[in-house]
Structures are given as structure tokens and as C-alpha cells.
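The values are calculated or read from the model by the stated rules, or taken from the named source; none is laboratory data. Just so we're clear, the structure is a prediction, and the values are computed from it rather than from any experiment. Heads up, the Cβs are rebuilt from the backbone with ideal geometry, glycines too, and the neighbour counts pull from every protein chain shown. Quick note on the areas: whole protein, heavy atoms, side chains included, nothing else; ligands and nucleic acids left out. Shrake-Rupley method; radii C 1.70, N 1.55, O 1.52, S 1.80 Å.
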Amino acid sequence: MKLVLASKNKKKLVELNTILNQLGIEVCSESEAGVDIDVEETGITFEENSMLKAKAVMEASGLPTIADDSGLCVDALQGAPGVYSARYGGEGLDDMGRTRLLLENMRGANGPRTAKFVSVITCCFPNGDVISARGECPGTIAFAPIGEGGFGYDPVFFIPHLKKTFAQLSAEEKNAISHRGRALEAFKVKLEEYLKK
Ligand code: IMP
């Protein structure tokens, strides 16, 4: 089975393929499916945005489409950047700029540095069926970036029991505990059930 990924993020594509290939599912990019659209993420929940992206690209490609809407929710920042993680600080910032801004904003915040990554995976089928699953990964915000791997806020997302940030983990180690890994495991179970029907 082939699914289209509603995202332009190449690292997400690799993470999804690593997990879903085990089910015999191949995930291809939007561009491989001949789609080039920018879906406006107007929702205020991960569930809404995940659905918006999967539905729009499914309608444009005519193929079953999977989307991941994910982000970092920091307790001391009242859940920010949350659904705005990719746009935190505005369009002009890259991953490193957003990470620096997060650390700056944390300086003025009191309280614990606890946070969680959230991922909601949604798959929309051309017949109108929808499968959705959520995964979360708790952690804390480091005082400075550490590590070279991953993407986004990985260098400041610290896993206390491993004493490492996400950026210091191998892809396998990250997938085993990450929000996206957990959402995909839950999604895999639901998809297996769906495909049996
Ligand atoms: P989305 O593509 O709209 O779901 O945006 C997700 C944003 O959340 C990304 O651009 C990153 O900034 C952040 N994010 C989501 N998952 C991860 C992760 O696994 N590591 C680091 N940052 C992530």
C-alpha cells in the first residue's frame, strides 16, 4: 500500500517510512504524488490541523494521504509554541532561530522546565474514511542546544531518564520514544484493523 505524506519536511518522510515500512506501507512525498499546495494551518488543535493537511492533499492527489501535525508544548509558556511551533517568532526564523527564541522566552519564565512533544497522525482515504492517532513524549527544556541530529527543537528537548536531548539520539532511539513514534505505533494498530475489514 502507498500513502502520500502531506508535508514538505523530508526528515518527517524518513521517520514515517522507517516505522510504516514494517507494515509493508510505502510513504511518498507530496511532490512524488504530483501535488504542490500550501495548506493553511488554521486550526487551533493538532487534531484540526492534521485533518486539514491530510484532507487537502488527499483531495489534490486522489490517493490515501497521511499527515502529522506536531509541536512542542512548554508548561512555563502556557503550552506555547504548541500548534504554532513551525511558525514561532514569525516567517523569518529558521529552526535554530526558533530554538534560540524559545530559550530566550524561557529565561523570563518561572517554574519548572517541563514540556511535551505532541503528534497527531491523520490518514484520509478517498472514500471519506479517516483514521487518526495521537502520541506524546514528555521531557524538559535544556538551558542550551546540545547535539547535531534530528530537526526543529530537538537540540533543546531533554529526556531526563536518558540524560540526552532528542538531537543526541540515533533515529532508532528517537523513534522508540518520540511523540511521532508513539502516534505512529497507535496509528499502525488502527490501520491494521482498518485493512482487515
Ligand atoms: P508541522 O509540520 O506543522 O507539524 O510543524 C511541526 C513543528 O514542530 C516543526 O516545524 C518543529 O518545529 C516542531 N517539531 C515537531 N516534531 C518535532 C521533532 O520531532 N523534533 C523537533 N521539532 C519538532
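Tilt of helix 10-20 relative to the longest C-alpha principal axis of the chain, in degrees (0 to 90, nearest 10)?
The helix 10-20 is inclined about 60 degrees to the chain.
Using a 10 angstrom cutoff on alpha carbons, build the Gaussian network for the chain and name the most mobile of SER85, SER31, SER178.
Between SER85, SER31, SER178, it is SER31 that shows the largest mean-square fluctuation.
For the modelled label position 7 Å from the Cα of LYS2 along Cα-to-Cβ, which residues of the range 32-61 have backbone nitrogen atoms closer than 18 Å?
32-37, 57-61
For each pair in LYS2/LYS55; LYS8/LYS116; LYS8/LYS197, compute the distance between the two Cα atoms and list the pairs where it is over 25 Å.
Values: LYS2/LYS55 16 Å; LYS8/LYS116 23 Å; LYS8/LYS197 31 Å.
The answer is LYS8/LYS197.
Using alpha carbons only, how many angstrom separate the centre of the range 150-197 from the centre of the range 1-47?
15 Å
Roughly how many nanometres apart are two label points built 7 Å out from the Cα toward the Cβ at GLU192 and LYS11?
Distance between the two pseudo-spin positions: 2.9 nm.
Compute the acute angle (0 to 90°) between the alpha-carbon long axis of helix 95-107 and the principal axis of greatest extent of the alpha-carbon atoms of the chain; round to the nearest 10°.
That works out to roughly 40 degrees.
Looking at the range 1-83, which trypsin sites (Lys or Arg not before Pro) are in a loop (DSSP not H, G, I, E or B) and have at most 15 other Cβ atoms within 10 Å? Each step should come with its number before you reach the end.
Numbers: sites: LYS2, LYS8, LYS10, LYS11, LYS12, LYS53, LYS55; in loops: LYS8.
Hits after loop and neighbour filter: LYS8.
Taking the Cα centre as origin and putting +1 on Lys and Arg beta-carbons and -1 on Asp and Glu beta-carbons, what dipole magnitude results for the chain, to the nearest 20 debye?
It works out to roughly 580 debye.
Report the residue, chosen from VAL57, VAL120, VAL39, that carries the largest GNM mean-square fluctuation when the chain is represented by alpha-carbon nodes joined by springs under 10 Å.
In the Gaussian network model the winner is VAL39.
Running a GNM on the chain with Cα contacts under 10 Å, which residue among GLU41, GLU59, GLU91 ends up with the highest mean-square fluctuation?
GLU91
Using heavy-atom solvent-accessible surface (probe 1.4 Å) with all chains present, what is the largest-first order of THR65, THR140?
Numbers: THR65 0, THR140 35 Å².
I get THR140, THR65, largest accessible area first.
Would you mind getting me the FRET efficiency between GLU148 and ASP75? Use the beta-carbon distance for r and R0 = 22 Å, nearest 0.05. Spell out each step's value before the answer.
Values: r = 27 Å, r/R0 = 1.22.
So the FRET efficiency works out to roughly 0.25.
Ignoring any ligand, DNA or RNA, what whole percent of the accessible area of the chain comes from carbon and sulfur when the probe is 1.4 angstrom? Numbers along the way, then the final one.
Working: 5280 of 9730 Å².
Carbon and sulfur together cover 54 percent of it.
Given the -39500 (n - 2.57) contribution per DSSP H run of 4+ residues, what per-residue ellipticity at 222 nm results for the chain, rounded to the nearest 500 deg cm²/dmol? Walk me through the numbers on the way to the answer.
Numbers: 5 runs with 65 residues, N = 197.
Per the formula, -10500 deg cm²/dmol.
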